[in-house]
Amino acid sequence: MSRQQIQQIINGLFILMIGLGMTGCIEEITFDTERSAGQLVVDGGITDQPGPHKLQLSLTSGNNTMREPVRGASVVITDGDGNTEDYIELEDGTYLLMGETVQGERGQSYSVEISLPDGKQYRSVPETIPLAVAKDSSYFELGTVDERQSTGRIVERDAVMIYADTELPDQAEPVYLKWEVESMYGFRETERNNPFNPTQTCNLSQPVEPQKITLFASPDSDTKTIEKNLLGIKEYVSHEFYRPHHFSVIVSSITESRYEYWNQVDEIVNSTGTIFDVPPAVVKGNVFNVDDENEQVFGYFETAVVDTSRFHVLRSDFPFFIPNPCGLNSLYTHDACDRCSELEE
């Protein structure tokens, strides 16, 4: 099999992961780069799911929220039994672990070694995939959110409120959880009978409230369930709900150190306003420079047990009429009805 064919297979798997609700989702944090240009950022990890598992490498730059992808790096994962596997580089600093030799197993430890093109060597502190797994039952309710206009006026907007009831594992050890919510919907262009420009349907996926950090640490072994946990709010946008809108609620059982990492990030977000305001010297991850332990490295290589629950919202669930955004007889059509890929740009 040629390298091009392998790349096509990998890309296909990656697209499939996005469509189904990625189980190793990446939480991108943008750092105050005026004080930290050129420093490594590591986002990703390994779970007990089959994979592939994604790792994103980038360097902070001097453009605030912009980061430069790291290309040409060598990334190797090692498990607690000494098995190793190389990551395969895609593009834009994305590396995939296919799981041909190293798979995610509960109770097993993992670390990565990263070699940059400039010769710098990095390593993560070994982390163990937890044994515990939490189970979600996710659902939605229709509600409203208040939106402040530029004039100062408050306007109510229809919204989908995303909840989960969570069953905690029956064990004496503390449990640490983190939730993420992904959504996906289809958008179909205006019907046309043109073999040179056929009608397309775009499937668009996106995180719900990516700046929201929802965590839980069990206070004692008597806590068995978490009820009606509000995990996200998706504001109603007509063209997103004409066709079925699918939601994936991902609960990760994480290590205590990973929980503490995100808890610190959450505290900073609450004090500064957004996840993009995280100062560079505050939150320390688990990756370090092998030759210079004083170098600040951002991000975290995580291990987790993952459970995903799903539900969908239909236009018939809303108490009002939702028109086809690209209907032939519509008075107003969406700008993307001629080229739905515009919604991805």
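The values are calculated or read from the model by the stated rules, or taken from the named source; none is laboratory data. Fair warning: this is a prediction, and the values are worked out from it, not measured in the lab. Here the Cβ positions follow ideal geometry from the backbone for every residue, glycine too, while neighbour counts run over all protein chains shown. To get the accessible areas, we keep the full protein, side chains included, count just its heavy atoms, and leave off ligands, DNA and RNA. Shrake-Rupley method; radii C 1.70, N 1.55, O 1.52, S 1.80 Å.
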Explain nothing, just compute: Karplus ³J(HN,Hα) = 6.51 cos²θ - 1.76 cosθ + 1.60, θ = phi - 60°, for every residue of region 103-120 in order, whole Hz, x for Gly and Pro. 10, x, 10, 4, x, 9, 9, 8, 8, 10, 10, 10, 10, 7, x, 7, x, 5
Order these peptides, 87-95, 294-302, by their mean beta-carbon neighbour count within 10 angstrom, highest first. 294-302, 87-95
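Give me the net charge for the shell around Arg71: Cβ to Cβ below 14 angstrom, other residues only, Lys and Arg +1, Asp and Glu -1. It would help to have the intermediate numbers written out before the result.
Working: positive: Arg67; negative: Glu68, Glu89, Glu91, Asp92, Asp118.
Neighbourhood net charge equals -4.
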For region 241-260, list residues with backbone N below 16 Å from a point placed 7 Å from the Cα of Cys202 toward its Cβ? 241-243
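Label region 41-167 by shape, choosing from rounded, prolate and oblate, from the square roots a ≥ b ≥ c of the eigenvalues of the Cα gyration tensor; if a/c is under 1.5 it is rounded, and otherwise prolate applies when a/b is larger than b/c, oblate when it is not. If you can, show how the numbers build up before the last one.
Details: a/c = 3.29, a/b = 1.48, b/c = 2.21.
Because a/c hits 1.5 or more and a/b fails to exceed b/c, region 41-167 counts as oblate.
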Expected unfolding gain across Glu293-Asp266 under the 0.36 nm per residue rule, minus the alpha-carbon gap, is 7.2 nm
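Of Lys224/Lys284; Lys228/Lys284; Lys212/Lys284, which sit over 24 Å apart, Cα to Cα? List each step's numbers first, then the result.
Working: Lys224/Lys284 31 Å; Lys228/Lys284 32 Å; Lys212/Lys284 20 Å.
Checking Cα-Cα distances, Lys224/Lys284; Lys228/Lys284 exceed 24 Å.
Accessible area per residue, 1.4 Å probe, Å², for region 131-254: what's the number?
Details: 6410 Å² over 124 residues.
That works out to 52 Å² for each residue.
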With a ≥ b ≥ c the root eigenvalues of the C-alpha gyration tensor of region 97-144, is it rounded (a/c under 1.5), prolate (a/b larger than b/c) or oblate? prolate
The farthest towards the positive end of the charge dipole of region 88-238, of the residues Asn229, Ile88, Asn203, given +1 on Cβ of Lys and Arg and -1 on Cβ of Asp and Glu, is Asn203
Sort Asp43, Asp291 by heavy-atom solvent-accessible area, probe 1.4 angstrom, most to least. Asp291, Asp43
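Please label the shape of region 118-266 as rounded, prolate or oblate, based on the square roots a ≥ b ≥ c of the eigenvalues of the alpha-carbon gyration tensor (a/c under 1.5 means rounded; beyond that, a/b larger than b/c means prolate, else oblate).
prolate
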Taking a crude spin-label model, label points 7 Å out from Cα along the C-beta direction, the Ser74 to Thr128 distance in nm is 3.1 nm
